[in-house]
């Protein structure tokens, strides 16, 4: 799914949301009085769906006592609503209704204020006084995303008219002081923002495909460009772990997320897990680091919540949709207290959470080192699968976006694996085949080997190095082509009829 950078992402995704509403025909999930769970393992729990008409949830912010959710309407004119979801019984109530407003982000501070974007204005809902207050307006500009620093100052990414200019803005609610930090790069299209553990500010530049950092209040912005070999489309959201690694999602890149190591200046990208239903665009979006220094992100179109553990290099994905034909449109997800990871399923009109404390009875291990594959050839890769569940496990291979098949070019990397692996008390070895096409670009990148069981998938990333084919392989390839071509010509050569010999004519 490739989209023009000149269109504001929030408008693009509202359009996608509307389209999915008509195309997907989501199935409503029946609810108990408080909360609902589905599947043989209760990884995913839905809160009680509002009984009153309300816009579908879009973004959220969990706190110790409640989850604040902003919904946006799927039809014009744009309307937004903020709801408070109660953790005690799973119910909710509307607290703010806004006409002609699209809320793209919200955060909640410790004083009970829920800050949100009101088009070009920063506003907040005071949950103590039950009032809505507007603080600062940016004429002819639009607010994109918000973040709270350790002093509870509000940081905003702001786009100028048409998106040609971008700025980072800070507001200190304690004294009303605000500062603006322009981004030097034109058409940077600044998007997601986060506060690092050392209180530095990081943000994503979707248009220029860069990461930006502000290290102190009096400093200017520093920008970091990835190597062109990564083929990033639009860096969208960012998160920083305790080691200073900057994690990001490439939302327009269809199926990849990545990390930037500031100390070594090394960039890496990883594909999401294989989609059993052959989804083309997973579209990772929101990304956050939890209290255990592990990474969580939403998969907008694939409808999964991804959990990546950098210490084990294992990616676990939880399926939100109760049926494989339903598009939940998981736009936003964020870790909250008690090891719960909250999400919105815009296509279902649902708010729910993943219980990250529940163990996954599925483990997967791949090769320890690199896998070298010559262009035009395949390589068998052993994988160890441990599974004690009641069903079966299927295996698949998912490459990075640049190696995926498309309507314009053939796949550069692709693979296959066995399906229907049954449960066993001991690890089972499965053989995965990964192939590189003749058009594959030489170099190293990662593929995901994925084991899927019902509503959860586990993936390991294998570093594949594509090299030029050696002379014997090339010669074999050409000779095979010649032989097969000659054989095809022989088969296609018309035969003369014995009953009616062909006549030669002279002109």
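No value in this document is a laboratory result; all are computed from the given coordinates. Note that this is a predicted model, so its numbers are computed, not measured. We place every Cβ from the backbone using ideal geometry, glycine too, and count neighbours over all the protein chains shown.
Okay, here's what the table says:
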| item | result |
| --- | --- |
| Cα-projected label distance for residue 293 with residue 186, points at 7 Å along beta-carbon direction, nm | 4.3 |
| Computed lengthening from residue 311 to residue 65, 0.36 nm per intervening residue step minus Cα-Cα distance | 85.5 nm |
| Region 364-467: proportion of alpha-carbon pairs further apart than 18 angstrom, % | 46 |
| Extension reserve of the residue 265-residue 99 stretch, reckoned as 0.36 nm per residue once the Cα distance is removed | 55.2 nm |
| Burial order of peptide ranges 86-98, 234-246 (average beta-carbon count within 10 Å, highest first) | 234-246, 86-98 |
| Order by protection proxy (mean Cβ within 10 Å, highest first), peptides 298-307, 285-294 | 298-307, 285-294 |
| Extension gain from residue 323 to residue 416, taking 0.36 nm per residue of separation minus the Cα-Cα distance | 31.1 nm |
| Debye intensity ratio in log₁₀ form over the Cα atoms of region 9-358, taken at each q of 0.11 Å⁻¹ | -0.68 |
| Normalised convex hull volume, region 183-294, alpha-carbon set, Å³ per residue | 104 |
| Packing rank of 453-462, 58-67, 412-421, where each peptide gets the mean count of other beta carbons within 10 Å, highest leading | 453-462, 58-67, 412-421 |
